[in-house]
Amino acid sequence: MWQAYALLAASFFITSFSGAMQPGPVLVITIEESLRRGFVAGLLIVLGHAIVEVPLAIAVLMGLSMLPPRVQALISISGGLLLCYMGLSSLKP
């Protein structure tokens, strides 16, 4: 039984790591924080990426398009606002 959990954890880690290593904001933050705070910071960012990616993957698999249009709009606007916040936060010294 523990092998199944280990395999699941490894697959989440690999998925998150691959997302964190793609060129983009997550890669920049991973490199920056790993250099500033050490190896553990990079692992925590990968874990955070997994926490975000797993619900998104589940939503896609369940058929996100089946949600009412207002819910889809709310998700889209929330994501856009989050991206704006991240972009503005990266400009601070």
Spherically averaged projected area in nm², based on the convex hull that wraps the Cα atoms of the chain: 7.7
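Starting from 0.36 nm per residue, how many nanometres of slack lie between Leu61 and Leu7 once their C-alpha separation is accounted for? Intermediate results must be reported in sequence, preceding the final value.
On the way: separation 54, 0.36 × 54 = 19.44 nm, distance 1.99 nm.
Taking 0.36 nm per residue and subtracting the Cα distance, the gain is 17.4 nm.
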The chain - percent of accessible surface contributed by carbon and sulfur, probe 1.4 Å: 78
With all protein chains modelled, accessible area of Met62 [1.4 Å, Å²]: 140
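The values are calculated or read from the model by the stated rules, or taken from the named source; none is laboratory data. Computed from a predicted model, the values in this text were never measured in an experiment. Accessible surface areas use protein heavy atoms only, side chains included; no ligands, DNA or RNA. Shrake-Rupley method; radii C 1.70, N 1.55, O 1.52, S 1.80 Å.
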